[in-house]
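The structure under discussion appears below in the form of structure tokens.
The values are calculated or read from the model by the stated rules, or taken from the named source; none is laboratory data. Everything quoted here is computed from the prediction, not taken from an experiment. Note that each Cβ is placed from the backbone with ideal geometry, even for glycine, and that neighbours are counted across all protein chains shown.
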Amino acid sequence: MSHARVVLPEPDADETGPYTHLGFATAKAGCEDQVEALILGLVEPLRAEEGSIEFHVHRDRADRSQFVIYEMFRSKQDLEKHLAEPYVQEFVRAIGPLVRGPLVQQFLRMSSDLPAVR
């Protein structure tokens, strides 16, 4: 599992909203709490990054091995900078052996207006 090889889709020419990324991970049996702790370790440094608008971690209510990461950045360039951060690369290295398969990723275009940041 590596963010280093991810090629981010270009925003549409008329796109003015933020650049949003969803990541889906499935923890191996017995590794669920370790995976959650590693992901939660991203919260503080990621939210402090310039260009970061939102970052949230979710865990499936029915299948506790399933995690969803929601992150929103001002731009594609801000997300690219984030993915190159040493702490993100360390996270990718550390979580790899604890999850089943690769991180499934989606890159989203916002259709609604973005309310003012609170």
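Going by what's in this entry, would residue 64 be described as touching a residue at least 24 places away in the same chain (Cβ under 8 Å) and within 20 Å of residue 6 (Cα to Cα)? Reasoning before the result, please.
Working: touching a residue at least 24 places away in the same chain (Cβ under 8 Å): yes; within 20 Å of residue 6 (Cα to Cα): no.
No, not satisfied.
Taking residue 65, is it at pLDDT below 95, more than 14 Å from the chain's Cα centre (by Cα) and on the phi < 0 side of the Ramachandran plot?
On the way: at pLDDT below 95: no; more than 14 Å from the chain's Cα centre (by Cα): yes; on the phi < 0 side of the Ramachandran plot: yes.
In short, no.
Among the residues that make up region 9-21, is at least one of them hydrophobic (A, V, I, L, M, F, W, C) and either under 15 Å from residue 87 (Cβ atoms) or in contact (Cβ under 8 Å) with a residue 40 or more places away in the chain (or both)? Lay out the reasoning, then the answer.
First pass over region 9-21, keeping only residues hydrophobic (A, V, I, L, M, F, W, C): 13.
Checking which are either under 15 Å from residue 87 (Cβ atoms) or in contact (Cβ under 8 Å) with a residue 40 or more places away in the chain (or both) leaves us with none.
No, region 9-21 contains no residue that is hydrophobic (A, V, I, L, M, F, W, C) and either under 15 Å from residue 87 (Cβ atoms) or in contact (Cβ under 8 Å) with a residue 40 or more places away in the chain (or both).
Within region 96-118, which residues are under 28 Å from residue 30 (Cβ atoms), among the aliphatic types (A, V, I, L, M) and within 13 Å of the chain's Cα centre (by Cα)?
Initial filter on region 96-118 (under 28 Å from residue 30 (Cβ atoms)): 96-106.
Restricting the remaining residues to those that are among the aliphatic types (A, V, I, L, M) gives 98-99, 103-104.
103, 104, listed by residue number.
Report yes if some residue within region 51-64 is out of contact with any His (no Cβ under 9 Å at 6 or more places or on another chain), aliphatic (A, V, I, L, M) and within 30 Å of residue 113 (Cβ to Cβ); otherwise report no. If you could, list the steps in order and put the result at the bottom.
Quick first cut of region 51-64, residues out of contact with any His (no Cβ under 9 Å at 6 or more places or on another chain) only: 53-64.
Applying the additional criterion that residues be aliphatic (A, V, I, L, M) yields 53, 57, 62.
Of the ones still in play, those that are also within 30 Å of residue 113 (Cβ to Cβ) are 53, 57.
Scanning region 51-64 turns up at least one residue that is out of contact with any His (no Cβ under 9 Å at 6 or more places or on another chain), aliphatic (A, V, I, L, M) and within 30 Å of residue 113 (Cβ to Cβ).
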